[in-house]
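Okay, so here's the structure we're looking at.
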Amino acid sequence: MNFNLEQVPFSRCGSYMAFSWLSGRFRGVNAKEGLYLRTVHGDAVSKEVMRVELTDGGRPIPFEIKAMPELLRLEAANGYVEICIATPTVIRIRGRGVGLRFSSSEESMFNNAIPFKEYQWIINAFNSRVQLMFIPLKARLCMDAPWDGSKCSFVKVDILPDDTGYFECAIEEFYSSWYQHTYDYFDESIKSVKEEFKAFLGKMPDVPDEFSQAGELAAYIDWSCIVEPNGLITRPAMLMSKNWMTNVWSWDHCFNAIALSYKYPELAWDQFMIMFDYQDDNGALPDSINDRLPIWNFCKPPIHGWALKKMMDNTDYIDRAKLVQVYEPLCDWTNWWFNYRDDDDDGIPQYNHGNDSGWDNSTVFAERPPIESPDLAAFLIIQMETLSDVADKLGRKAQSRVWKQRASELLNRLLEHSLRGNRLVALQSGVHKPISSQSLLPFMPIILAGRLPQNVLTATITDLKQSGIITEHGLATESIDSPSYEADGYWRGPIWAPSTMLMVDGLKEAGEEAMAQDICRKFAYMCAAGGFAENFDALTGEGLRDKAYTWTSSVFLILAHEYLL
């Protein structure tokens, strides 16, 4: 495997460090083109810690990049540098014939370079909330970091070869205190990381041979986006990306958990449960988390019952003890929607913002929220059915009956409340004005499949086929015939992994297996050709926004395994 560092960062499981090639605007910031050592800590003001260059005679020189899971190789005309992230906190580097420079010119109140013993230096990168120890193992380390009375004006670290033309060093991230210790041989580090990724790859869902290369890249993205417990992160956590979407969002994690549940159920369980570690006393889940802070301004849709059912179908790992862990938190999360998101008390919960639905700027929310979108009730119906099943497995028969009854009552209420003709529609809460939209979102109740009356199910599928939503590459999130369609409009056009998987699951359950498989095939080929972007241009299949996004890689693995194998 040799992946594109402009799209996919070089990192490893457990680490908060990554290397990326930045060009032009990155996260809305003008970045000088080049290779950067970056951090994914949640409180970093600047995630770009230091720029990385190859040098010859003290001057930067051009180089080519080869990126593999275990090794980043930088090749110049006169030599090379190899970088291995040996452990989550240790970067090992070696080179021959050239030098390696790390530099930071960004103004910061406290950025500092501190001389340490044995020719070592501490870089206190305050803007990035990172401290790094530079350790020359077999190298000359030259520091240029003029002190201006309160900080270093800039920091430039040159790692240079010895008289044999070879150098070797280590860079280690630490928080408060660092201690001297030995390091494994460089080749042993490469071997160890390579074997670690190979073991992870073996725990991913099997995919057809024609998608083997894409499957390996998908597995690498998932593996490399895991960070170890640290700060507020309570478990090994798969971030959405190590580009800039460096959080765990509270529906994204469900798709990652499902992908892992086939053959890596222990890690899958951590991904599923991590958001419940932050659940508040009212039952709400945060919108997102990272190692430094949770975000509570929004939430995400309650797909957790649907996801848990998928995971239970995939593995026997979720035993009674696990069900005991999840049952009460899932009950509280379900009840929160009825207690705190039903302002007009009509029994149909609402979204207060598009962000709460996960479809941030969907045209369903072009009218002023709150919006009673039928997908929300559909998710809650499935979640309550799952709770009924879990309660039954736990021997809580009375509670099982209550959840089953509540699911049935919500289904009936949804049909009475939100049905216009033969279609469920989104309504403005309180006044119940129907929302005019050509979004895919109102089709999402297809996940209820046979629970819907046949005329409603048939009309939903027929309208979907005629909606202008199905393209050569899959399901657009806004009809391509809509005046609101935008090629790079986030949830106003592009194809997304979660909406694809939810719709495919509903279509399959509704008996539309050929249609479901066709959508899966389109999605898989699009990912194989264009990578695992946050979303895709619905007409061209081009990857958009964050180009290495874990729910995309995870959904690819799930769909290729379930529908195309």
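The values are calculated or read from the model by the stated rules, or taken from the named source; none is laboratory data. Note that the structure is predicted; figures quoted are calculated from it, not measured. Methodologically, a virtual Cβ is constructed for each residue, glycine included, from the backbone with ideal geometry; neighbour enumeration extends over all protein chains shown.
Of note:
- Residue that is in contact with a Lys or Arg (Cβ under 7 Å, 6 or more places away or on another chain) and farther than 17 Å from residue 260 by Cβ, where the choices are 291, 287: 287
- Test: residue in segment 294-307 that is surrounded by 20 or more Cβ atoms within 10 Å (Cβ to Cβ), in contact with an Asp or Glu (Cβ under 9 Å, 6 or more places away or on another chain) and among the small types (Gly, Ala, Ser): yes
- Number of the condition not met by residue 430 [criteria: (1) within 19 Å of residue 376 (Cβ to Cβ); (2) over 30 Å from the mean Cα position of the chain (by Cα); (3) in a helix (DSSP H, G or I)]: (3)
- Contact map, segment 312-324: first residue touching a residue at least 40 places away in the same chain (Cβ under 8 Å), second residue surrounded by 11 or more Cβ atoms within 10 Å (Cβ to Cβ) and among the polar types (S, T, N, Q), Cβ cut-off under 6 Å, separation 6 or more or different chains; pairs are 314/261; 315/261.
- Of residues in segment 375-425 being small (Gly, Ala, Ser) and touching a strand residue (DSSP E or B) at 6+ places or on another chain (Cβ under 9 Å), the one farthest from residue 499 (Cα to Cα): 418
- Looking only at residues of segment 254-293 that are over 23 Å from residue 378 (Cβ atoms) and hydrophobic (A, V, I, L, M, F, W, C), we find that the one that is surrounded by the fewest Cβ atoms within 10 Å (Cβ to Cβ) is 293.
- Residue in segment 541-561 that is surrounded by the most Cβ atoms within 10 Å (Cβ to Cβ), counting only those that are part of a loop (DSSP other than H, G, I, E, B) and at negative phi: 549
- Residue check for residue 284: in a helix (DSSP H, G or I) and either of a type in the set (A, V, I, L, M) or not assigned by TED's automatic domain parsing to the domain that holds residue 234 (or both): no
- Residue in segment 392-400 that is part of a helix (DSSP H, G or I), under 20 Å from residue 343 (Cβ atoms) and not acidic (Asp, Glu) present: no
- Filtered residues of segment 528-560 (kept if within 12 Å of residue 218 (Cα to Cα), among the small types (Gly, Ala, Ser) and in contact with a helix residue (DSSP H, G or I) (Cβ under 6 Å, 6 or more places away or on another chain)): 528, 548, 553, 554, 560
- Candidate set: segment 149-178, residues that are more than 34 Å from the chain's Cα centre (by Cα) and among the aromatic types (Phe, Trp, Tyr); chosen: the one surrounded by the fewest Cβ atoms within 10 Å (Cβ to Cβ): 166
- Residue 519 touching a His at 6+ places or on another chain (Cβ under 8 Å) and within 25 Å of residue 240 (Cα to Cα): no
- Flag for residue 307 being assigned by TED's automatic domain parsing to the domain that holds residue 257, under 25 Å from residue 266 (Cα atoms) and in contact with a Cys (Cβ under 6 Å, 6 or more places away or on another chain): yes
- Once segment 94-140 is narrowed to residues that are within 26 Å of residue 188 (Cα to Cα) and within 28 Å of the chain's Cα centre (by Cα), the residue that is surrounded by the most Cβ atoms within 10 Å (Cβ to Cβ) is 132.
- Residue among 332, 343, 392, 360 that is free of Cβ contacts under 8 Å to residues at least 40 places away in the same chain and surrounded by fewer than 20 Cβ atoms within 10 Å (Cβ to Cβ): 392
Listed here are the residues, each with its yes/no results for (1) surrounded by fewer than 16 Cβ atoms within 10 Å (Cβ to Cβ); (2) under 27 Å from residue 490 (Cα atoms).
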{"residue": "381", "(1), (2)": "no, no"}
{"residue": "397", "(1), (2)": "yes, no"}
{"residue": "402", "(1), (2)": "yes, no"}
{"residue": "430", "(1), (2)": "yes, no"}
{"residue": "437", "(1), (2)": "no, yes"}
{"residue": "441", "(1), (2)": "no, yes"}
{"residue": "444", "(1), (2)": "no, yes"}
{"residue": "454", "(1), (2)": "yes, no"}
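- Any pair with Cβ under 8 angstrom, 6 or more apart, that starts in segment 525-540 at a residue that is touching a residue at least 60 places away in the same chain (Cβ under 8 Å) and surrounded by 23 or more Cβ atoms within 10 Å (Cβ to Cβ) and ends at one that is aromatic (Phe, Trp, Tyr) and not in a loop (DSSP other than H, G, I, E, B): 527/556; 532/556
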